[in-house]
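Student: I'd like to ask you about the structure that follows.
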Amino acid sequence: MKILFITANRLGDAVLSTGILGALLDRHPGAEVTVACGPVAAGLFAAVPGLQRLIVLDKQRRGGHWLALWRSVAGTRWGMVVDLRNSAVSFLIRARRRLMRSGRRDDRVHVVEEYGALIGIDPPPSPRLWFDAAMQEKAARLLPDGRPILAVAPTANWRGKEWRQERFAELVVGLTGPAAPFSGHRVAVFGTADERVRAAPLLNALPAETVVDLMGRTDPAVAAACLARSAFFIGLDSGLMHMAAAGGLPTVALFGPGWPARYRPWGRWAAVAATPVSVEEMMAAPGYDHRTTDTLMDSLTVDAVEAVVRRLHDAWRHDTGGEERE
């Protein structure tokens, strides 16, 4: 069977869609897969089993990227088209079966549950990650075996979703101190190169022998492979958070101006530390503008986040015996 899978531009949305693709590959062993997605997310699909083509949708004026996609796929008769972008392309090509995401959004329903309903699987398939040998080798060089790793992702795609770095520093220093849950751990800090300045208070607060600065040193695929080598994750509502949860890490996500019911980390070992101020209250504040508004996370205290981290860590250790990845 030939499967065309059209998925997201954004990294987090693309991660959440991987459960559908994985479930379809399980249903159709030997399927030939073509994935179309945005450039940021493309690396996540490079090692998908049965991948024939990876089409990067670079946005163009007047929807030119959709025309380019149609030209790339119109000559093939597809066994199945899964279009999570609801594009016209899917109706203009030959396909035995089409699965289209509904245009309706319900913020009470998690995206993974929405995707499970689309392909008729309950419980819905969890997101998953695929790595090739080159990705794993690079991750091993960046995070060699030894002390277990606490992974931290302290930045987000817009300022309102970011917790103050001084609070991140206080949290991580406290959690890695003597007799703390992550005593003896290295701390791997994830993010892009242009976010390093924002993360400086956290990076500077950690002992040089403890911190592993990965900001700007990985692409999404290698970052995912590095996360798979880590023991625990703390971060914001971001693509890195979804990758950590998909990799099976105990994951704590900090939420402010977001929708935890829809975008919380998916998995058994996942928890949310959310601001007591609701999204609706934040967005109704005078002068709110997601492009310019400073952090909206100040109502979330260090003590509140630490309590969530400790509860998840204790529950995970109790149920699994606490065997940490090294």
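We did not get these values from a lab; they are worked out from the coordinates using the rules stated. On a predicted model such as this, the values are computed, not experimentally measured, just so you know. Every residue, glycine among them, receives a Cβ derived from its backbone with ideal geometry; neighbour counts consider all protein chains shown.
Student: Size of the range 2-119 along its principal axes in angstrom, Cα-based, largest extent first?
Tutor: Taking the Cα atoms of the range 2-119, the three principal extents are 37, 36, 26 Å.
Student: Could you tell me which residue out of Pro178, Leu57, Met283 lies farthest along the dipole of the chain toward its positive end? Charges go on the beta carbon: Lys and Arg +1, Asp and Glu -1, centred on the Cα centre.
Tutor: Towards the positive end, the residue furthest out is Leu57.
Student: Which of the chymotrypsin sites (Phe, Trp or Tyr not before Pro) found in the range 123-181 are in a DSSP loop and have at most 15 neighbouring Cβ atoms, other than their own, within 10 Å?
Tutor: Trp158
Student: Compare Gly38, Gly256, Gly50 in a GNM of the chain, Cα atoms joined below 10 Å, and give the one with the largest fluctuation.
Tutor: With Cα springs under 10 Å in the chain, the top fluctuation among Gly38, Gly256, Gly50 is at Gly50.
Student: Taking the dipole about the Cα centre of the chain, with the C-beta of Lys and Arg at +1 and of Asp and Glu at -1, give me whichever of Ser72, Val212, Ser87 is farthest to the positive side.
Tutor: Going by the Cα projections, it comes out as Ser72.
Student: Here's a follow-up. In a Gaussian network model over the chain where Cα atoms closer than 10 Å are linked, find which of Leu236, Leu92, Leu84 has the largest mean-square fluctuation.
Tutor: Judging by the Gaussian network model, the answer is Leu92.
Student: Compute the FRET efficiency between Asp294 and Asp145 as 1/(1 + (r/R0)^6), taking r as their Cβ-Cβ distance and R0 = 45 Å, and round to the nearest 0.05. Don't skip to the end; give the middle numbers.
Tutor: Details: r = 40 Å, r/R0 = 0.90.
Approximately 0.65, to the nearest 0.05.
Student: Amide H to amide H under 5 Å from Arg98: which residues, 5+ apart in sequence or cross-chain, H placed 1.01 Å off N in plane?
Tutor: Amide H neighbours of Arg98, under 5 Å, 5+ apart: Val81.
Student: Also, quick follow-up: Between the range 211-275 and the range 133-155, how far is it from one alpha carbon centroid to the other, in angstrom?
Tutor: 14 Å
Student: If you don't mind, another one. Note the listed values (i) 1.29; (ii) 1.23; (iii) 1.02, then indicate which one is Cα Rg over 2.2 N^0.38 Å calculated from this particular structure.
Tutor: Computed from the coordinates, Cα Rg over 2.2 N^0.38 Å corresponds to (iii).
Student: Which far-off residues, 5 or more places away or on another chain, put their amide H under 5 Å from the one on Ala274, with H placed in the peptide plane?
Tutor: Result for Ala274 returns Phe255.
Student: Tell me the mean residue ellipticity at 222 nm calculated for the chain from its helices only (DSSP H runs of n ≥ 4, each -39500 (n - 2.57), averaged over every residue, nearest 500).
Tutor: Mean residue ellipticity, 222 nm, calculated: -10000 deg cm²/dmol.
Student: In 10 Å bins starting at 0, how do the alpha-carbon pair distances of the range 183-326 split up by percent?
Tutor: 11, 37, 39, 13, 2
Student: So for the range 138-230, averaging the separation of alpha carbon pairs under 8 Å that are six or more residues apart and normalising by length, what relative contact order in percent results?
Tutor: 37 percent
Student: Given R₀ = 41 Å, what would the calculated FRET efficiency be for Asp106 paired with Ala134, taking r from the Cβ atoms and rounding to 0.05? Write out the running numbers ahead of the final one.
Tutor: Values: r = 40 Å, r/R0 = 0.97.
Efficiency at R0 = 41 Å is approximately 0.55.
Student: Another question, then. Figure the gain on full extension for Arg159 and Ala74 (residue separation times 0.36 nm, minus the Cα-Cα span) and round it to one decimal in nm.
Tutor: Gain on stretching Arg159 to Ala74: 26.5 nm.
Student: A follow-up question, please. Report the label-to-label distance for Ala200 and Glu281 in nanometres (one decimal), using points 7 Å from each Cα along the Cα→Cβ vector.
Tutor: 3.3 nm
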